[in-house]
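Engineer: Take this structure, written in structure tokens, and hold onto it; I'll ask about it next.
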Amino acid sequence: MALLGGKTIILTGAGSSVGRAAAALFRDQGAALVLVDRDRARIPGDDDALVIEADLTAAGACARMVADAEARFGAIDGLANSFGIDPPTARGTLETSEEDFDRILLVNLKAVFLCCRAVLPALRRRGGGAIVNIASQGALLALPGMTAYGVSKAGVLQLTRQIAADHGRENIRANCVCPSGLESPSLDRAAILDAAQLARRTEAMKAMAPLGRVCTPADVARAMLFLLSDLSGFTTGAALPVEGGGTMALRF
Ligand SMILES: NC(=O)c1ccc[n+]([C@@H]2O[C@H](COP(=O)([O-])OP(=O)(O)OC[C@H]3O[C@@H](n4cnc5c(N)ncnc54)[C@H](O)[C@@H]3O)[C@@H](O)[C@H]2O)c1
């Protein structure tokens, strides 16, 4: 059974490690895809997809994305947001500049809001649909040394719940995936970590999870697939942890 057969999905952050895994999985599951990223070169090749290069911090870009998607495919069934930034210069509260705080909240929270706001009328026209946002394990727990990022992801979770609460009667669902640190660090972190630091990061993340391994982009993509598909038809406003149980148990 193709879980997204007959559905058109807008996938933002399609060039991220999660986005690339999601694009391949959603295509395999029958979706017509609109692949969006600020950096077109990172978007995976797909002859059937509509590819859009856009900086989603601009409301106009989000509106154009939805209009172009409807013009190409007629209707939209889902939005999956998978972009984000994690600048390593922003750390604990005292070490976070105002500029970094504003930039992280702008991209990780306001742009997600703008994408959701732009797509809601289209989902209404369709008679319903699903939104999936990527928050983080750090939306459920504090992330030491990552103040602005943690705040942005807690905001994404609350934004998702607000949408779920306001639009449930329109058959529009909104849910979050909350991953732990991925085996592929964010582009921002990958740029500064050397091999030894990456190995230590991996070992630390393994130790935190009762399942004893690190989260993969495919793990996150599969959770997004579930939340976009009709399999999760009675689930809305949820924060689905994809973290090997790391937020469920204290590890000593
Ligand atoms: N990597 C991790 O360890 C981790 C852990 C938990 C949650 N997450 C979250 O998962 C999602 C994907 O993370 P990742 O590590 O795969 O991402 P990544 O760092 O690999 O890629 C980020 C992508 O976002 C795009 N982007 C950035 N700003 C944009 C903008 N303004 N408009 C449009 N596109 C923009 C970039 O071009 C890039 O393709 C993000 O929301 C991230 O916060 C990541």
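Engineer: Given the criterion of a type outside the set (A, V, I, L, M) and touching a Gly at 6+ places or on another chain (Cβ under 6 Å), identify the matching residue among Gly145, Gly155. Spell out how you get there, then give the answer.
Structural biologist: Details: Gly155 fails: touching a Gly at 6+ places or on another chain (Cβ under 6 Å).
The match here is Gly145.
Engineer: Take the residues in the stretch 149-190 that are among the hydrophobic types (A, V, I, L, M, F, W, C) and free of Cβ contacts under 8 Å to residues at least 40 places away in the same chain, then tell me which one is farthest from Ala139 (Cα to Cα).
Structural biologist: Looking only at the stretch 149-190, we keep the residues that are among the hydrophobic types (A, V, I, L, M, F, W, C), and these are 151, 154, 156-157, 159, 163-165, 172, 174, 176-178, 182, 187, 190.
Going one step further and asking which of them are free of Cβ contacts under 8 Å to residues at least 40 places away in the same chain, we end up with 154, 190.
Values: Ala154: 4, Ala190: 22 Å.
Top of the filtered list is Ala190.
Engineer: For the stretch 90-110, check the following and say yes or no: at least one residue is farther than 15 Å from Gly150 by Cα, in contact with an Asp or Glu (Cβ under 8 Å, 6 or more places away or on another chain) and crowded, with 18+ Cβ neighbours inside 10 Å.
Structural biologist: Scanning the stretch 90-110, I find no residue that is farther than 15 Å from Gly150 by Cα, in contact with an Asp or Glu (Cβ under 8 Å, 6 or more places away or on another chain) and crowded, with 18+ Cβ neighbours inside 10 Å, so the answer is no.
Engineer: Out of all the residues in the stretch 1-30, which are among the aliphatic types (A, V, I, L, M), away from the ligand (no atom under 15 Å from the Cβ) and without any contact (Cβ under 8 Å) to a residue 60 or more places away in the chain?
Structural biologist: Looking only at the stretch 1-30, we keep the residues that are among the aliphatic types (A, V, I, L, M), and these are 1-4, 9-11, 14, 18, 21-25.
Then keep just the ones that are away from the ligand (no atom under 15 Å from the Cβ); that gives 1-4, 9.
Scanning the stretch 1-30 gives Met1, Ala2.
Engineer: Looking at the stretch 178-200, is at least one residue surrounded by 19 or more Cβ atoms within 10 Å (Cβ to Cβ), within 22 Å of Arg125 (Cβ to Cβ) and under 15 Å from the mean Cα position of the chain (by Cα)?
Structural biologist: no
Engineer: For Leu79, work out the one condition from (1) under 21 Å from Ala23 (Cβ atoms); (2) assigned to a helix (DSSP H, G or I) it doesn't fulfil.
Structural biologist: (2)
Table: residues versus (1) within 14 Å of the ligand (Cβ to nearest atom); (2) touching a residue at least 40 places away in the same chain (Cβ under 8 Å); (3) not in a loop (DSSP other than H, G, I, E, B).
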site	(1), (2), (3)
Asp86	yes, yes, no
Asp102	yes, no, yes
Ala111	yes, yes, yes
Arg117	no, yes, yes
Leu120	no, yes, yes
Arg125	no, yes, yes
Ala142	no, no, no
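Engineer: Please determine, by comparing only the residues of the stretch 64-84 that are in contact with a Cys (Cβ under 8 Å, 6 or more places away or on another chain) and touching a residue at least 60 places away in the same chain (Cβ under 8 Å), which one is surrounded by the most Cβ atoms within 10 Å (Cβ to Cβ).
Structural biologist: Here is the first cut: in the stretch 64-84, the residues in contact with a Cys (Cβ under 8 Å, 6 or more places away or on another chain) are 65, 79, 81.
Remaining after also requiring touching a residue at least 60 places away in the same chain (Cβ under 8 Å): 79, 81.
Working: Leu79: 29, Asn81: 27.
Here the residue is Leu79.
Engineer: Here is a further query. Give the residues of the stretch 182-203 that are away from the ligand (no atom under 11 Å from the Cβ), part of a helix (DSSP H, G or I) and under 17 Å from Pro87 (Cβ atoms), sorted by residue number.
Structural biologist: Residue satisfying the conditions is Gln197 alone.
Engineer: Failed condition for Ala135, given (1) without any contact (Cβ under 8 Å) to a residue 40 or more places away in the chain; (2) crowded, with 24+ Cβ neighbours inside 10 Å, with all others met?
Structural biologist: (1)
Coordinate-derived values only; no laboratory data. Quick caveat, the model's predicted, so the values are computed rather than measured. Counting neighbours? That spans all protein chains shown, and the Cβs are built from the backbone with ideal geometry, glycine included.
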